[in-house]
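Please treat every number below as a calculation from the coordinates, not as lab data. Just so it is clear, the structure is predicted and the values come from calculations on it, not from any experiment. For neighbour counting, all protein chains shown are included, and Cβ atoms are generated from backbone atoms with ideal geometry for every residue, glycine included.
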């Protein structure tokens, strides 16, 4: 897909980035590197599966909910700070984000949710969704006729 270059959109993005940098520099709290409401996500598509990896540092596996619909994979949860808020003091810097999060990833093909797996290791959640059997390519047998003899070639399925 080709996208037209829009200089005004780039200027708006630069202004937004500058505003964030200035806010972090002068507020003393630091706003963090990303919005935890939509954690960073990698999506890989192979011939037989879809693999989604989500960065969820500090989140316990019990705090994550994964569901599938025919159209999407939905990952939700909540990251809670490992400490109690104290009333007598103030933050000098606060960059770690906490709160509710969620991502919905559109599925490029039908998946077999019964064979799906999810592994949480070192702050990374990896969900593997095998392609549904109905979505897998099938080889079609070709029958040739000639001189009155029919032969069958390539009758196997993949």
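What the table shows:
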quantity	calculated
Ranked by how many other beta carbons lie within 10 Å on average, peptides 118-129, 84-95 from highest	118-129, 84-95
For the range 34-153, the spread of Cα positions along each principal axis, largest first, Å	96, 23, 23
Rel. contact order, % - alpha carbon contacts under 8 angstrom, at least six apart, the range 34-153	28 percent
Length gained when the stretch residue 12-residue 118 is fully extended (0.36 nm per residue, less Cα-Cα span)	34.3 nm
